[in-house]
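In what follows, a single structure is set out as structure tokens and then discussed.
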Amino acid sequence: MNRIWHLGMWALVNGLFLYKYSGRISVWAPLIGAAAILALTFLGIKAMSMADRRGRQNLVGLLAATGLVGVSIVAFHLIPASMIRVDRFEMIQLFWDNTFAGIPPYTPKIPYVSNVPSQFPLYFVFALPFHLIHEVGWISLISVLGMGHLLWKMTSGRPAARGAALCLLLLSPALWWEIVCRSTIFANAVLFLVVLLPFYRSPSPPVGVRSPILLGIAAATRSISFQLLIPLFMQRFVRSPKAWWKSSTLVFGTAALGIAPLLLPVFREWNPFKVSGLFLPSWIIAIVLFSTTIVACLRDGWKWSLSVAILGMDAMVFIYAGQIVWSEGWVNSISGSAIDISYLLLSSPFHLYLLFQPMDTRGSESEPAKG
């Protein structure tokens, strides 16, 4: 049942992107596109099984990564950012243009009219090198490559699963949209997944301070990260407070230090908290976070706490989308872009990770983590 949920969420987000964008070409385009993706996925699984028998799996993986990079570079040159209506890359540019000009970083181009950046300052620090080379699309491309590498390692010895994982990434309309439109939703979520894994996969905290500090830094990039952090740490802390107090303090202390600059007077008028309130009312976010934290504490197991945390994330996105569909209608919400469907990608790396987890995970709860 869990695998149906994880695969269903990945299919949903990609189906929405396919419906929204290919539907502008023809009413039949989404159906034709879906059929093509299914057929190519089936062929990809078969091809990987054949490559396994010939000892060519690594060659297939290398060709897939090379193709992804090559097509992305071509897309960056053929579709410059100036042609894209999505404004996430513009928010990175706005933040740093304001900063370098001595203007409060979150000041919109047109106050009370144009968008305000919604991420925390450390998010923009991570994006600065890509801003300086004038191509933030590399952020999305690197994240897809990173997710592919993680799934490749997870599916070792399972050629059919490995082929499916490659196809789900390479044939994803949502991820190609992320790359071409220079969006960073998926990239931010992959960062959360990578730094959270040392904590999820072991009942004892990682040794040392590196992993807690890295997790705290990642958490200080986007507010949604606390929906992933708090259920996990509460589940572990209530069972073993003596073992988990140090890591918990380091993680949340580092995150607090990363967010603390927003208390400075320069951020008083314009800050990301104003944008968060446009996504969902604070009381709904608090209820979802509180509920998932309680449910996560009811059982042991990293899969349980992770599943509950991402269920809460999915719930927030569906509540956000539901209230817009209710007021605007389906056509205006999806085709008219009243809903930002890319928010569904926030939980997608976690769904993919759990989808390709081996069925037999005995021993995974007791393996010590390294920090």
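The values are calculated or read from the model by the stated rules, or taken from the named source; none is laboratory data. Keep in mind the model is a prediction, meaning the values are calculated, not measured. Methodologically, a virtual Cβ is constructed for each residue, glycine included, from the backbone with ideal geometry; neighbour enumeration extends over all protein chains shown. Each accessible area value is taken on the protein alone, full model and side chains, heavy atoms only, with ligands, DNA and RNA left out. Shrake-Rupley method; radii C 1.70, N 1.55, O 1.52, S 1.80 Å.
Restricting the calculation to Cα atoms, every distinct pair contributes to the Kirkwood radius of region 140-234, found to be 14.8 Å. Local charge for residue 155 was computed over the other residues whose Cβ lies under 12 Å away, with Lys and Arg +1 and Asp and Glu -1, and equals +2.
Multiplying the residue separation of residue 82 and residue 282 by 0.36 nm and removing their Cα-Cα distance gives an extension gain of 68.6 nm.
Compute, for the chain, the length of the dipole vector about the Cα centre, with Cβ point charges of +1 (Lys, Arg) and -1 (Asp, Glu) only. Units Debye, rounded to 20.
Details: 27 positive and 14 negative charges, 197 e Å.
Dipole of the chain, to the nearest 20 debye: 940 debye.
For the chain, the solvent-accessible area works out to 49 Å² per residue, with a probe of 1.4 Å and every protein chain left in place. Determine the share of the chain's accessible area contributed by carbon and sulfur atoms, expressed in whole percent, with a 1.4 angstrom probe. The nonpolar share, carbon plus sulfur, comes to 71 percent. Backbone geometry of region 61-70 corresponds, through the Karplus equation with coefficients 6.51, -1.76 and 1.60 at θ = phi - 60°, to 3J(HN,Hα) couplings of x, 5, 5, 5, 5, 5, x, 4, 5, x Hz, x marking Gly and Pro. Computed packing ranks the peptides 20-31, 197-208 as 197-208, 20-31, most packed first, by mean other Cβ atoms within 10 Å. Round to the nearest 0.05 the FRET efficiency obtained for residue 238 and residue 337 when R0 = 45 Å and r is the Cβ-Cβ distance. The formula returns an efficiency of 0.60 here.
In this rough spin-label picture, where each label sits 7 Å from Cα along the Cβ direction, the residue 299-residue 99 distance is 4.3 nm. For residue 332, the shell of other residues with beta-carbons less than 15 Å away shows a net charge of 0, using +1 for Lys and Arg and -1 for Asp and Glu. Tell me, how many Å apart are the Cα centres for region 169-212 and for region 275-339? Taking the Cα centre of each part, region 169-212 and region 275-339 sit 19 Å apart. Label zone (residue 109, point 7 Å along Cα-to-C-beta; backbone nitrogen cut-off 19 Å) within region 47-83: 79-83. Between the residues 137, 150, 94, the greatest Cα displacement towards the positive end of the dipole of region 34-182, with unit charges on the Cβ of Lys, Arg, Asp and Glu, is found for 150. Ranked by the mean number of other Cβ atoms within 10 Å per residue, highest first, peptides 131-140, 211-220, 71-80 order as 211-220, 131-140, 71-80.
Normalised size of the chain, defined as Cα radius of gyration per 2.2 N^0.38 Å with N residues, equals 1.00. Over all other residues within a Cβ to Cβ distance under 14 Å of residue 94, the charged ones net out to 0, with Lys and Arg as +1 and Asp and Glu as -1.
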